[in-house]
Structure formats: structure tokens, C-alpha cells
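Q: Quick one: structure below, then a few questions.
Coordinate-derived values only; no laboratory data. Please read these numbers as outputs of a predicted model, since none were measured by experiment. All Cβ positions, even for glycine, are placed from backbone atoms using ideal geometry, and neighbour counts span all protein chains on display.
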Amino acid sequence: MSGLAGKIALITGAGSGIGEAIARRLATDGATVAALDLLPDRAAAVADAIIAKGGAAFPLVADVAEEAPMRAAFAELANRAGRLDIVIANAGINGHWAPIDELTPEQWDVTTRTNLRGTYLTMHLAVPMLKAAGGGAVVIVASINGARVATTAGATAYSAAKAGQVAIARQLALELGRHGIRVNAVLPGMTETNIRENTWKHNAEAASWPVHFPDGDIPLTAGRAANPGDIAAAIAMLAGDDARHVTGAELTVDGGQSLLR
């Protein structure tokens with residue numbers, strides 16, 4: 001992928017799954033990767049793996065929804081790299097899924113905190129660095145649940161947060177265009193990751209609708225979920241100079257899954 005050599009790329013949630021695949025892909029394409037994760041061991045492992053393959057990377061540690069740790073991480077980023085060209089706001093959780101009358105305010109807050117507040121804080125702190133660099137590329141990793149799918153039982157808080165991320169991308173594409181900053185959203189479908197570690201279902205089936213899908217509801221792959229590299233490839237395209245005239249886009253990467261749902 002052209003246009004990434006020599007650029008500094010921040011990936012949040014880089015310690016596993018889609019985030020790790022993005023970090024590895026952008027490093028392979030020539031970017032220096034700042035791999036930010038909540039867990040220090042994961043962030044360090046990804047950075048070390050990139051370096052072992054001849055790439056450039058360093059770890060950052062923060063909860064994306066906590067202001068003070070995020071400010072400290074960005075200060076370290078500025079100190080170590082001196083600039084910022086690419087931001088991939090990827091950190092997220094599935095959170096709590098339950099019927100709306102059983103979903104507690106606390107569960108709503110847990111679910112929206114990482115997905116929505118975390119995206120806000122990432123952008124709030126990254127934009128001054130992108131402006132100082134004379135422009136850049138942002139990709140927000142949302143979900144088909146935030147724009148095209150409403151059949152995931154009990155996922156109201158998750159879907160609302162992901163729809164909010166899409167709205168943020170659209171809004172900031174216009175707001176930041178004058179500064180040469182492109183902002184796009186990628187909407188993955190079912191992907192093979194460990195996000196189920198952060199999924200808590202509470203009687204979610206009570207919110208389901210009786211819809212019967214054909215065997216294998218991902219038409220392109222006969223039901224096989226995407227692997228994180230499939231999502232990373234799309235994000236690498238949007239991050240690079242080949243997409244220099246693309247902003248405010250919502251790129252669905254789901255093998256046609258949302259066309260059935």
C-alpha cells in the first residue's frame with residue numbers, strides 16, 4: 001500500500017483482534033505504529049512482534065475512556081514520535097446485551113463508555129496533532145450494527161454507540177476537511193476476534209425477533225466470518241494516500257451479511 005512509509009499511526013485497542021491486525025498491516029506497509037491498549041502486556045507484545053519482523057513500533061497503555069491516562073499516552077506519543085499522521089479509533093467492546101426494560105443504566109454506561117466516550121477522547125486528543133502535521137487520515141471502526149442491522153437481540157446500547165461512531169465520522173469529515181484531515185468509518189460484520197470476552201448477555205433472547213436466515217448468513221463466504229486481516233486491509237486502504245479524496249465514507253466489510261439481516 002503506497003503512502004504509509006514514514007508516517008506515524010496510532011491504533012487504539014491494538015493488543016488483540018482487529019486492532020492487532022491493523023497494527024501489523026500498517027507496520028508492514030511502512031508506518032511507525034503506536035500500539036495503544038488497555039493491557040500493557042498486549043500492547044508490548046504487538047509492538048515487539050512488529051519490531052521482530054523489521055517494522056517500527058512502540059506500545060502505549062491507557063483506558064481510552066479515561067481522560068488522564070489518555071492525555072499521558074498522547075504526551076508519550078508526542079515525545080517519542082513528534083507527530084501523528086494516522087489515527088485508527090478501534091478500541092471497543094460488545095458490552096451488555098439485554099431487553100431494554102432489563103438493561104440497567106449502569107450496563108448502558110459500561111457499553112457506551114468505551115465505544116463512544118473512548119472515540120470522542122481519541123479524536124479530542126489526536127486532532128491537534130493531526131492539525132500540526134498538516135493533515136492526516138482517521139478511520140473509526142464502527143459496526144454494521146450501527147448503520148445497517150437491527151436484528152441483534154438486546155444490542156441496543158452497542159448499536160447506539162456504534163451509530164454514534166458513524167455520526168462522529170460523518171460530522172468530523174466535514175469539520176476537519178479544511179485542515180486536510182480525512183475521516184472515514186469502517187463497519188465490520190462478524191469477525192473472528194476475542195471480543196466475546198467483553199460481551200455480557202442477560203436474557204437477550206427475550207428481545208429477539210423470529211427471523212429465519214438461510215444456512216450461512218454471510219453470502220460471500222458461505223457463512224464464514226471475516227478474519228481480522230480482512231478488516232485491516234480495508235482500513236489500510238483508507239489510511240493511505242490512494243484514498244486521498246475519500247472522506248465521510250462508511251465502508252461496510254461484512255461479506256454481504258447485512259444484506260440478509
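Q: Using Stokes-Einstein with the Kirkwood hydrodynamic radius over Cα pairs, what translational diffusion coefficient do you get for the range 1-65 at 37 °C and a viscosity of 0.692 mPa s, in µm²/s rounded to a whole number?
A: Working: Rh = 11.1 Å.
My calculation gives 296 µm²/s for D.
Q: How would you order 51-62, 137-148 from highest to lowest mean count of nearby Cβ atoms within 10 Å? Numbers along the way, then the final one.
A: Values: 51-62: 17.5, 137-148: 24.9.
Listed from highest to lowest mean packing, they are 137-148, 51-62.
Q: Would you grab the residues whose amide H sits under 5 Å from the one on Thr252? Only those 5+ places off in sequence or on another chain, please, with H modelled 1.01 Å from N.
A: Answer set, sorted by chain and number: Leu187.
Q: Using Cα positions and a limit of under 19 Å, work out the aspartates and glutamates in reach of Lys53, with same-chain residues fewer than 8 apart set aside.
A: Glu20, Asp29, Asp41
Q: Same structure, new question: Sorting Ile181, Ile231 on the 10 Å Cβ count, fewest up front, what's the list?
A: Details: Ile181 23, Ile231 27.
Listed from fewest to most nearby Cβ atoms, that is Ile181, Ile231.
Q: Test of understanding: ordering Thr104, Thr12 by Cβ neighbours within 10 Å, fewest first, what list do you get?
A: On the way: Thr104 11, Thr12 30.
Sorted ascending by nearby Cβ count, the order is Thr104, Thr12.
Q: Quick one: what are the phi-derived ³J(HN,Hα) couplings along the range 48-55, Karplus 6.51/-1.76/1.60 with θ = phi - 60°, whole Hz, x for glycine and proline?
A: 5, 5, 5, 5, 4, 9, x, x
Q: While we're here: May I ask for the distance between the Cα centers of the range 7-58 and the range 151-169, given as a whole number of Å?
A: Cα centres, the range 7-58 to the range 151-169: 26 Å.
Q: If you add up the charges near Ala56, with Lys and Arg at +1 and Asp and Glu at -1, over every other residue whose beta carbon is less than 15 angstrom from its beta carbon, what do you get?
A: +3
Q: Right, something else. When all C-alpha to C-alpha distances in the chain are sorted into bins of 10 Å, what percent of pairs does each bin hold, rounded to whole numbers?
A: 8, 32, 37, 18, 5, 0
Q: Note down the relative contact order for the chain as a percent, whole number, built from C-alpha pairs under 8 angstrom at least six residues apart.
A: Values: 583 pairs, mean separation 55.6, N = 261.
Computed value for the chain: 21 percent relative contact order.
Q: Evaluated at 37 °C with a viscosity of 0.692 mPa s, what Stokes-Einstein diffusion coefficient in µm²/s does the range 106-182 have when Rh comes from the Kirkwood expression over alpha-carbon pairs? If you can, show how the numbers build up before the last one.
A: Working: Rh = 13.3 Å.
Translational diffusion coefficient: 248 µm²/s.
Q: Near Ile18, within a Cβ-to-Cβ distance under 12 Å, what is the net charge of the other residues, with Lys and Arg +1 and Asp and Glu -1?
A: -1
Q: Let me ask something else. Expressed as an acute angle from 0 to 90° and rounded to the nearest 10, what is the orientation of the C-alpha long axis of helix 156-176 relative to the principal long axis of the chain?
A: 40 degrees
Q: Quick one: Karplus J couplings for the range 127-142, per residue in order, coefficients 6.51, -1.76, 1.60, θ = phi - 60°, nearest Hz, x for Gly and Pro?
A: Working through the residues one at a time gives 4, x, 5, 5, 4, 5, 7, x, x, x, 10, 10, 10, 9, 8, 9 Hz.
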